[in-house]
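Okay, structure first, notes after.
The values are calculated or read from the model by the stated rules, or taken from the named source; none is laboratory data. Because the structure is a prediction, the values reported are computed rather than measured. Here the Cβ positions follow ideal geometry from the backbone for every residue, glycine too, while neighbour counts run over all protein chains shown. Note: accessible area is taken over every heavy atom of the protein model, side chains too, but ligands, DNA and RNA are not part of it. Shrake-Rupley method; radii C 1.70, N 1.55, O 1.52, S 1.80 Å.
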Amino acid sequence: MNDDDPVLDDPVGRSLGGRHAHLARGAGRAAAYDPEVATFCSVSARPGPEDWADLARLLGPGAFADMFSCPADPPTGWEPVFSLAGRQLIRPGGARPDLPGAGPGTGVVELGAESVPEMLDLVARTGPGPFRPRTHELGTYLGVRVGGALVAMAGERLRPPGWTEISAVCTAPEARGRGHAGRLVGALAARIVARGERPFLHVAETNTTAIALYERLGFKTRAQVTFRGFRTP
């Protein structure tokens, strides 16, 4: 598996058609996550009018189509909702990384369905990106608790073949500056590598603090991307 693995060019579509097929809904060559899980949608690599029509039929009229980093432009009549410059980062292949947070006694705990209300509250306070009531079903989510309260978390999201994305990295304002994000990303990356996969992640270009953290943890930029969303006709 090399750094130019083409599955990373369509991480949503390759996840929906593979390890997340049980969380997907589809119409023709269009697919989307269950709306309780994630907002992301996918069309074919070179979509034609029929593919966009399939996606519009799948989502319904006036619905939000979160195309993630898909570079294809929808037909006339699809209303742009947002466009955000970002980047995709990966950890280079090779030896198993020595990452913070991977060992016992680090305060990192696994989060399950019982933690969803707290996870949703933390996301609402910190805004790391889309997070729904069933987003935790995409993979493992880890957190840090202080005095029983959830103050930081991160988890696994997109899962194209051979890779797992680390996402929802967030820390409550009162708990920042204590290394929680680094420990969580490190713990997740170590788990991903241990099962023979490679970690990757996405970040907004304006989030320079997060980019600096990920680079300190050994991630490097693979590609510049643009996150886009539209409203169906």
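Of note:
- Counted residues, the range 20-36 - those being surrounded by 21 or more Cβ atoms within 10 Å (Cβ to Cβ) and either under 22 Å from Leu120 (Cβ atoms) or among the basic types (Lys, Arg) (or both): 3
- Answer from Arg57, Arg19, Arg25, Arg14 - the residue that is of a type outside the set (Gly, Ala, Ser), outside any loop (DSSP other than H, G, I, E, B) and within 20 Å of Phe200 (Cβ to Cβ): Arg14
- Annotation note: Cβ proximity below 8 Å between a residue of the range 177-202 that is in contact (Cβ under 8 Å) with a residue 12 or more places away in the chain and a residue that is acidic (Asp, Glu) (sequence gap 6+ or interchain) occurs for Leu188/Glu156; Ile192/Glu156; Pro199/Glu165; Phe200/Glu165; Leu201/Glu165; His202/Glu165.
- Test: residue in the range 39-53 that is over 15 Å from Glu165 (Cα atoms), of a type in the set (Gly, Ala, Ser), in contact with a strand residue (DSSP E or B) (Cβ under 7 Å, 6 or more places away or on another chain) and open to solvent by less than 30 Å² (accessible area, probe 1.4 Å): yes
- Residues that are surrounded by 23 or more Cβ atoms within 10 Å (Cβ to Cβ) and not β-branched (Val, Ile, Thr) within the range 171-186 comprise His180, Ala181, Leu184, Gly186, listed in sequence order.
- Checking each residue in the range 60-92 for being out of contact with any helix residue (DSSP H, G or I) (no Cβ under 7 Å at 6 or more places or on another chain), part of a loop (DSSP other than H, G, I, E, B) and under 30 Å from Gly218 (Cα atoms) picks out Met67, Ser69, Cys70, Pro71, Pro92.
- Checking the range 80-89 against the condition returns no match, with no residue being surrounded by fewer than 19 Cβ atoms within 10 Å (Cβ to Cβ) and modelled with pLDDT under 95.
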